[in-house]
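All remarks here apply to the structure that follows.
The values are calculated or read from the model by the stated rules, or taken from the named source; none is laboratory data. Computed from a predicted model, the values in this text were never measured in an experiment. Ideal geometry is used to build each Cβ from the backbone, glycine not excepted, and the neighbour counts take in all protein chains shown.
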Amino acid sequence: MVPLHYLFPKRIPLMLLLAVWIVLPGTQLIAAEIFELQPYLRTITLTGFTYPRQEMTVTSEVSGRCLEIYGDIGDRVPESGEFVKIDTTFIQLDIEANAIARQQTIRQLEEEEKSLKRYTTLLSQKSTPQARLDEVNLAADLHRLTLKNLKNEATRLQERYSQHTLTAPQGWQVIERFTESGEYIQAGKPVARLGDFTRLIVPLAVTYSELQAISVQQQLSLYLPDIDKNVTGTVYRSSPVFDAVTRKIHIDLIVNATQPDLPEPLRGGMRIELEFVSPETTRSFIVPKSALINRYEATWLVQPDGSRVQVIYLGTTENGKSAIVSGETLQPGQSFQTTPQLSQ
């Protein structure tokens, strides 16, 4: 290394040379990398639990003894759709009595029609009075009406008979069961509560801006912390009103219970987390941590011309690589030095 006294005259003080050596490199660093202010958008995580997409209560329209119930809690409704069988002894007796009454009426009507035909011939021969023909005609009409009424009654009884077999959607699962085989079922009383667990809903309460951020995504990535898996879902429905207490809007996400990456179908009561970036505008900005200068218990940013702007330090981002600041004069797009080296 060449000694300094060979490069500069002895009359130049050594301190001046050191000042030149320090300032020149510092001046070059001031013109270094520049960044622009970007608004800080919060990452929001909403937590909900899975519920069946739809529930229904199986209720009997007739009273009677329960012969069989096909499914306990957690079981699925069989392919036939039959869920409960109720004793049909009395309704079958009514159906048989109706069939007998119809046969009797048909026989009587046949006889009346024969008499009507005979008296019509006699009247044409003037061998019987008109009144007698009218009586026979009236009797035939009454039997026709009786037969029609019995046929309507037979249809009603068949419908009543079918109500002794309670059906439910195939594949739905039993949530609660309120009766057992051999018990007496009263009409109008619930027998069981079922749910559709092939698709699950996740109720959430969100603000309007959060709803907008969620709705623009066609597919939502949902995390299940209980099994450490991610699934996809969509917005199923949203309420047109908001809760007056929480001032939030109720929405339901929907998730298919069976998905390729899952070892087994999802069930009710599983915790699901939805993470997204809030679109709400704030007065907070994200900056490189190297751009901050701390002087006299205050935090500053340095503009490209070297002037300083005081800011409020709020913390760091989730990954710890950037800082979050706010300030009354800060605006999106403002330029600042990334690595300021000089105090101005």
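Some observations on this one:
- Cβ-Cβ distances below 7 Å connect the following pairs, each with a first residue in segment 312-326 that is on the phi > 0 side of the Ramachandran plot, a second residue that is surrounded by 15 or more Cβ atoms within 10 Å (Cβ to Cβ) and assigned to a strand (DSSP E or B), and a separation of six or more residues or different chains: Gly315/Ile324.
- Figure legend. Inter-residue proximity from segment 128-150: first residues aromatic (Phe, Trp, Tyr) and surrounded by fewer than 16 Cβ atoms within 10 Å (Cβ to Cβ), second residues outside any helix (DSSP H, G or I) and modelled with pLDDT of 90 or more, beta-carbon distance below 6 Å, spacing 6+ or different chains. No pairs are indicated.
- Selected residue (criterion: farthest from Thr198 (Cα to Cα)) from residues of segment 258-277 that are surrounded by 15 or more Cβ atoms within 10 Å (Cβ to Cβ) and in contact with a helix residue (DSSP H, G or I) (Cβ under 8 Å, 6 or more places away or on another chain): Phe276
This table checks each residue for (1) under 30 Å from Thr57 (Cα atoms); (2) touching a residue at least 40 places away in the same chain (Cβ under 8 Å); (3) out of contact with any Asp or Glu (no Cβ under 6 Å at 6 or more places or on another chain).
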| site | (1), (2), (3) |
| --- | --- |
| Gly188 | yes, yes, yes |
| Val191 | yes, yes, yes |
| Gly195 | yes, yes, no |
| Thr198 | yes, yes, yes |
| Ser209 | no, yes, no |
| Ala213 | no, yes, yes |
| Tyr223 | no, yes, no |
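- Whichever residue in segment 258-280 is β-branched (Val, Ile, Thr) and assigned to a strand (DSSP E or B) and, among such residues, is farthest from Ile73 (Cα to Cα): Val277
- Selection count where residues are surrounded by fewer than 17 Cβ atoms within 10 Å (Cβ to Cβ) and either in a loop (DSSP other than H, G, I, E, B) or touching a helix residue (DSSP H, G or I) at 6+ places or on another chain (Cβ under 8 Å) (or both), scope segment 49-69: 2
- Search result, residues across segment 315-331 that are surrounded by fewer than 13 Cβ atoms within 10 Å (Cβ to Cβ) and within 24 Å of Glu275 (Cβ to Cβ): Gly315, Glu318, Asn319, Gly320, Lys321
- Meets criteria (surrounded by 15 or more Cβ atoms within 10 Å (Cβ to Cβ), of a type in the set (Ser, Thr, Tyr), within 27 Å of Leu204 (Cβ to Cβ) and within 43 Å of the chain's Cα centre (by Cα)) for Ser284: yes
- Sole residue being under 30 Å from Val325 (Cβ atoms) and out of contact with any Lys or Arg (no Cβ under 7 Å at 6 or more places or on another chain), chosen from Val231, Val287: Val287
- When segment 82-98 is filtered for residues that are among the hydrophobic types (A, V, I, L, M, F, W, C) and out of contact with any helix residue (DSSP H, G or I) (no Cβ under 7 Å at 6 or more places or on another chain), the ones remaining, listed by number, are Phe83, Val84, Ile86, Phe90, Leu93, Ala97.
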